[in-house]
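Enquirer: Sharing a structure below in structure tokens format, with a few things to ask.
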Amino acid sequence: MRKTIKLTTPYSATINIFFLMAQYALLLTTLNLAVSLRYGKKAGMFAIVFMSLLAYLLTPDRFITWFQLDENIKYYANIMAAWFSPLQHSTYIMHNFGYDQLPTIAQSHLIFSSISMALTAVSFYSVQKVQFTFTGGNPNG
């Protein structure tokens, strides 16, 4: 980890962190939109709270506890958490900089983008079935 930090410039790290967090926020937003259009506002809010809670809970220490793994294989729990947790994908330090089997920054962007695009397609399909009712206003201007 220290070698990685020494090899990274502050500006590139800042730009990568910004885009990773932006993609995570976009993922939560598109999840909210897709679920809200399909199942209602409360379901959309529940979905993003559930996703955030799930992302928060998927840490290496919890993988060790849940699967009753030995402390000697904490490395594998770290890899599982890095790949399965969206919040770990948006965390800069949980990426492969040529040393581990962790996801690369490009892979995290690809995962975030593909899921967001799929949710956008679901939203586009769902919004066609929504009937809008406008109340108020004068139709004659």
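The values are calculated or read from the model by the stated rules, or taken from the named source; none is laboratory data. Everything numeric here is computed off the predicted structure, so don't read it as measured data. Don't worry about glycine lacking a Cβ; one is built from the backbone with ideal geometry, like all the others, and counts go over all protein chains shown.
Enquirer: Given (1) within 26 Å of residue 113 (Cα to Cα); (2) surrounded by 13 or more Cβ atoms within 10 Å (Cβ to Cβ), where does residue 69 come up short, assuming only one miss?
Expert: (1)
Enquirer: Further, regarding this structure: Enumerate the pairs (first residue in the stretch 106-120 and touching a residue at least 60 places away in the same chain (Cβ under 8 Å); second residue anywhere and surrounded by 13 or more Cβ atoms within 10 Å (Cβ to Cβ) and of a type in the set (Gly, Ala, Ser)) with beta-carbon separation below 7 Å, excluding pairs fewer than 6 apart on the same chain, so at least 6 apart or on different chains.
Expert: 119/34
Enquirer: Got a number for residues in the stretch 72-89 being within 23 Å of residue 22 (Cβ to Cβ) and surrounded by 16 or more Cβ atoms within 10 Å (Cβ to Cβ)?
Expert: Of the residues in that region, 8 qualify.
Enquirer: Would you check which residues across the stretch 23-44 are surrounded by 13 or more Cβ atoms within 10 Å (Cβ to Cβ) and either touching a strand residue (DSSP E or B) at 6+ places or on another chain (Cβ under 6 Å) or under 17 Å from residue 111 (Cβ atoms) (or both) and list them?
Expert: Across the stretch 23-44, the qualifying residues are 23, 24, 26, 27, 28, 29, 30, 31, 34.
Enquirer: Looking at the stretch 30-94, what helices (runs of 4 or more DSSP H) fall wholly within it and have at least 2 residues that are hydroxyl-bearing (Ser, Thr, Tyr)?
Expert: 41-57, 74-84
Enquirer: Here's a follow-up. When the residues of the stretch 45-66 are filtered to those that are over 20 Å from residue 102 (Cα atoms), surrounded by fewer than 12 Cβ atoms within 10 Å (Cβ to Cβ) and of a type outside the set (Val, Ile, Thr), which remaining residue is modelled with the highest pLDDT?
Expert: 53
Enquirer: Do we have residue 92 as of a type outside the set (A, V, I, L, M), touching a helix residue (DSSP H, G or I) at 6+ places or on another chain (Cβ under 9 Å) and at pLDDT 75 or above here?
Expert: No, not satisfied.
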